[in-house]
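All remarks here apply to the structure that follows.
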Amino acid sequence: NDSVWFGTLKAIQNTFSMKTINTSLLLEFMESKFNTPIAGVMNYYLKTSSIPVFEYEILPMDGEAYNLRYHWVVEDGATFEMPVNIFLNQKIKFLEVSAAWQTMQLNSVEASNIRFPEEDYLVEFRKK
(Lines give C-alpha, C1' and ligand atoms only; values in the text may rest on other atoms or scores of the structure.)
Protein backbone atom coordinates (compact mmCIF):
# COMPACT_ATOMS: atom_id res chain seq x y z
CA ASN A 1 0.00 0.00 0.00
CA ASP A 2 1.84 3.08 -1.25
CA SER A 3 -0.06 5.59 0.88
CA VAL A 4 0.87 3.74 4.09
CA TRP A 5 4.50 3.39 2.97
CA PHE A 6 4.95 7.06 2.05
CA GLY A 7 2.96 8.16 5.10
CA THR A 8 5.32 6.12 7.26
CA LEU A 9 8.38 7.67 5.63
CA LYS A 10 6.98 11.12 6.34
CA ALA A 11 6.16 10.14 9.93
CA ILE A 12 9.74 8.88 10.40
CA GLN A 13 11.06 12.24 9.21
CA ASN A 14 8.66 14.20 11.40
CA THR A 15 9.28 12.08 14.50
CA PHE A 16 13.02 11.47 14.32
CA SER A 17 14.41 14.36 12.24
CA MET A 18 16.52 15.85 15.03
CA LYS A 19 17.20 12.68 17.04
CA THR A 20 19.74 9.90 17.09
CA ILE A 21 17.99 6.53 16.90
CA ASN A 22 18.93 2.89 16.47
CA THR A 23 17.63 0.12 14.22
CA SER A 24 15.35 -1.47 16.81
CA LEU A 25 13.62 1.84 17.59
CA LEU A 26 13.08 2.53 13.89
CA LEU A 27 11.72 -0.98 13.24
CA GLU A 28 9.42 -0.76 16.26
CA PHE A 29 8.09 2.56 14.97
CA MET A 30 7.56 1.16 11.48
CA GLU A 31 5.77 -1.93 12.84
CA SER A 32 3.37 0.33 14.74
CA LYS A 33 2.57 2.21 11.51
CA PHE A 34 2.25 -0.91 9.32
CA ASN A 35 0.41 -2.85 12.02
CA THR A 36 2.40 -5.94 11.05
CA PRO A 37 5.72 -7.46 12.16
CA ILE A 38 8.59 -6.51 9.84
CA ALA A 39 11.66 -6.85 12.09
CA GLY A 40 12.56 -10.35 10.80
CA VAL A 41 12.45 -9.30 7.17
CA MET A 42 14.25 -6.01 7.72
CA ASN A 43 16.95 -7.58 9.91
CA TYR A 44 17.66 -10.10 7.18
CA TYR A 45 18.14 -7.39 4.56
CA LEU A 46 20.20 -5.25 6.95
CA LYS A 47 22.46 -7.96 8.36
CA THR A 48 23.09 -10.42 5.51
CA SER A 49 24.73 -10.01 2.14
CA SER A 50 22.55 -12.33 0.06
CA ILE A 51 19.09 -11.87 -1.37
CA PRO A 52 16.56 -14.46 -0.18
CA VAL A 53 15.51 -17.04 -2.77
CA PHE A 54 11.93 -18.21 -3.22
CA GLU A 55 12.56 -21.74 -4.41
CA TYR A 56 9.69 -23.74 -5.85
CA GLU A 57 8.79 -26.80 -7.85
CA ILE A 58 5.59 -27.99 -9.50
CA LEU A 59 5.12 -31.74 -9.16
CA PRO A 60 2.49 -33.77 -11.03
CA MET A 61 0.19 -35.97 -8.96
CA ASP A 62 -2.57 -38.36 -9.99
CA GLY A 63 -4.85 -37.20 -12.80
CA GLU A 64 -5.15 -33.44 -13.24
CA ALA A 65 -3.65 -32.49 -9.85
CA TYR A 66 -0.28 -30.88 -9.16
CA ASN A 67 1.60 -29.88 -6.02
CA LEU A 68 3.34 -26.54 -5.74
CA ARG A 69 6.17 -26.93 -3.21
CA TYR A 70 7.93 -23.78 -2.03
CA HIS A 71 10.16 -22.28 0.67
CA TRP A 72 12.74 -19.56 1.34
CA VAL A 73 16.43 -20.32 0.86
CA VAL A 74 18.44 -18.00 3.11
CA GLU A 75 21.95 -17.71 4.56
CA ASP A 76 22.87 -20.34 7.15
CA GLY A 77 21.55 -19.46 10.58
CA ALA A 78 19.32 -16.64 9.30
CA THR A 79 15.61 -16.49 9.99
CA PHE A 80 13.35 -15.19 7.26
CA GLU A 81 9.58 -15.34 6.84
CA MET A 82 7.81 -13.15 4.34
CA PRO A 83 4.49 -13.61 2.53
CA VAL A 84 4.37 -13.60 -1.25
CA ASN A 85 1.53 -12.98 -3.67
CA ILE A 86 1.49 -15.20 -6.73
CA PHE A 87 -0.89 -15.31 -9.67
CA LEU A 88 -2.79 -18.51 -10.39
CA ASN A 89 -4.85 -18.31 -13.56
CA GLN A 90 -4.73 -14.48 -13.24
CA LYS A 91 -6.05 -14.54 -9.65
CA ILE A 92 -3.90 -13.43 -6.72
CA LYS A 93 -3.04 -16.07 -4.13
CA PHE A 94 -1.38 -15.06 -0.86
CA LEU A 95 1.28 -17.49 0.42
CA GLU A 96 2.82 -17.45 3.92
CA VAL A 97 6.37 -18.60 3.19
CA SER A 98 9.11 -19.75 5.58
CA ALA A 99 12.34 -21.75 5.33
CA ALA A 100 10.40 -25.01 5.76
CA TRP A 101 9.03 -26.62 2.60
CA GLN A 102 5.29 -26.05 2.19
CA THR A 103 2.88 -27.59 -0.29
CA MET A 104 -0.22 -26.32 -2.04
CA GLN A 105 -2.39 -28.36 -4.39
CA LEU A 106 -3.12 -26.99 -7.87
CA ASN A 107 -5.27 -28.11 -10.75
CA SER A 108 -3.86 -28.37 -14.27
CA VAL A 109 -5.10 -24.92 -15.32
CA GLU A 110 -3.51 -23.25 -12.27
CA ALA A 111 -0.26 -25.20 -12.72
CA SER A 112 0.06 -24.07 -16.34
CA ASN A 113 -0.93 -20.46 -15.57
CA ILE A 114 1.23 -19.65 -12.55
CA ARG A 115 3.15 -16.38 -12.47
CA PHE A 116 5.51 -15.01 -9.86
CA PRO A 117 5.56 -11.19 -9.64
CA GLU A 118 9.34 -10.84 -9.58
CA GLU A 119 9.14 -7.09 -10.17
CA ASP A 120 7.31 -6.62 -6.83
CA TYR A 121 9.92 -8.21 -4.56
CA LEU A 122 13.61 -7.85 -3.77
CA VAL A 123 14.08 -11.62 -3.88
CA GLU A 124 15.09 -14.21 -6.44
CA PHE A 125 12.47 -16.63 -7.73
CA ARG A 126 14.07 -19.95 -8.65
CA LYS A 127 12.47 -23.10 -10.04
CA LYS A 128 14.09 -26.21 -8.58
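The values are calculated or read from the model by the stated rules, or taken from the named source; none is laboratory data. The model shown is predicted, which means the values in this text are computed figures rather than measured ones. Heads up, the Cβs are rebuilt from the backbone with ideal geometry, glycines too, and the neighbour counts pull from every protein chain shown. Ligands, DNA and RNA are stripped out before the accessible areas are found, and what is left, the full protein with its side chains, is counted by its heavy atoms. Shrake-Rupley method; radii C 1.70, N 1.55, O 1.52, S 1.80 Å.
Which percent of the accessible heavy-atom area of the chain goes to carbon and sulfur, probe 1.4 angstrom? The value for the chain is 50 percent carbon and sulfur by accessible area.
Give me the extension gain from SER108 to PHE87: residue separation times 0.36 nm, minus the current Cα-Cα distance, reported in nm with one decimal.
Values: separation 21, 0.36 × 21 = 7.56 nm, distance 1.42 nm.
Net length gain for the segment: 6.1 nm.
In this label model, LYS128 and LYS19 are separated by 4.5 nm, measuring between points 7 Å along each Cα→Cβ vector.
At a probe radius of 1.4 angstrom, the accessible area of the chain per residue rounds to 66 square angstrom. Here the Karplus relation 6.51 cos²θ - 1.76 cosθ + 1.60, evaluated at θ = phi - 60°, turns the backbone of region 95-105 into coupling constants of 10, 7, 10, 9, 6, 7, 4, 10, 10, 9, 7 Hz, with x for every Gly and Pro. Karplus-derived 3J(HN,Hα) values for region 120-128, using 6.51 cos²θ - 1.76 cosθ + 1.60 with θ = phi - 60°, are 8, 9, 8, 9, 9, 9, 9, 7, 6 Hz; glycine and proline are entered as x.
Looking at region 1-64, which GluC sites (Glu not before Pro) are DSSP coil and have at most 14 other C-beta atoms within 10 Å of their C-beta? Each step should come with its number before you reach the end.
Numbers: sites: GLU28, GLU31, GLU55, GLU57, GLU64; in loops: GLU64.
Sites meeting the loop and neighbour criteria: GLU64.
For a paramagnetic label modelled at 7 Å from the Cα of MET61 toward its Cβ, which residues of region 88-108 fall within the zone defined by backbone nitrogen distances under 12 Å? Output list for this probe position: 103-108.
Within straight-line reach of LYS127, meaning a Cα separation under 21 Å, sit the following lysines at least 8 residues removed in sequence or on another chain: LYS91, LYS93.
Would you please name the GluC sites (Glu not before Pro) within region 74-104 that are DSSP coil residues with at most 10 other C-beta atoms within 10 Å of their C-beta? Intermediate values should be presented prior to the final figure.
Working: sites: GLU75, GLU81, GLU96; in loops: GLU75, GLU81, GLU96.
Qualifying residues, ordered by number: GLU96.
Amide H contacts for MET82 (H built 1.01 Å from N in the peptide plane; partners 5 or more residues away or on another chain; cut-off under 5 Å): VAL97. Computed 3J(HN,Hα) for region 68-84, one whole-Hz value per residue from the Karplus formula 6.51 cos²θ - 1.76 cosθ + 1.60 where θ = phi - 60°, is 9, 9, 7, 5, 8, 9, 10, 4, 3, x, 7, 10, 8, 9, 8, x, 9, glycine and proline marked x.
With +1 on each Lys and Arg Cβ and -1 on each Asp and Glu Cβ, and nothing else charged, work out how big the dipole of the chain is about its Cα centre, in Debye to the nearest 20. Don't skip to the answer; put the middle values down first.
Numbers: 11 positive and 16 negative charges, 71 e Å.
With only Lys, Arg, Asp and Glu charged at Cβ, the dipole is about 340 debye.
Placing a pseudo-label 7 Å from each Cα along the Cα-to-Cβ vector at ASN35 and THR8 gives an inter-label distance of 1.3 nm. A simple spin-label model places pseudo-atoms 7 Å from Cα toward Cβ; at SER49 and GLU119 they are separated by 3.2 nm.
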